[in-house]
Amino acid sequence: MTPTILKEFRCKNCNKLFFKGHILEAIIEIKCKNCKSVETIDQMQSVTP
Ligand SMILES: [Zn+2]
């Protein structure tokens with residue numbers, strides 16, 4: 001079992017945690033249950049230091 005580094009995806013509006021995951025390439029549209037705003041998460045191989 002190798003530990004997986006999970007990135008936290010949060011609402012930009014209210015900072016509520018949507019989910020944790022490891023995504024290589026994806027565009028996800030999610031509606032925040034907290035503030036009802038629709039957020040788009042695009043993870044297109046962004047370079048993280
Ligand atoms: Zn929100």
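The values are calculated or read from the model by the stated rules, or taken from the named source; none is laboratory data. Since the model is a prediction, treat every value here as computed from it, not as a measurement. We place every Cβ from the backbone using ideal geometry, glycine too, and count neighbours over all the protein chains shown.
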Q. Among (1) at pLDDT below 95; (2) within 16 Å of the ligand (Cβ to nearest atom); (3) assigned to a loop (DSSP other than H, G, I, E, B), which single condition is ILE41 missing?
A. (3)
Q: Can you tell me which residue within region 1-29, out of those that are among the hydrophobic types (A, V, I, L, M, F, W, C) and more than 9 Å from the chain's Cα centre (by Cα), is surrounded by the fewest Cβ atoms within 10 Å (Cβ to Cβ)?
A: MET1
Q. What is the residue count in region 1-28 for residues that are closer than 13 Å to THR40 by Cα, in contact with a Lys or Arg (Cβ under 8 Å, 6 or more places away or on another chain) and not aromatic (Phe, Trp, Tyr)?
A. 1
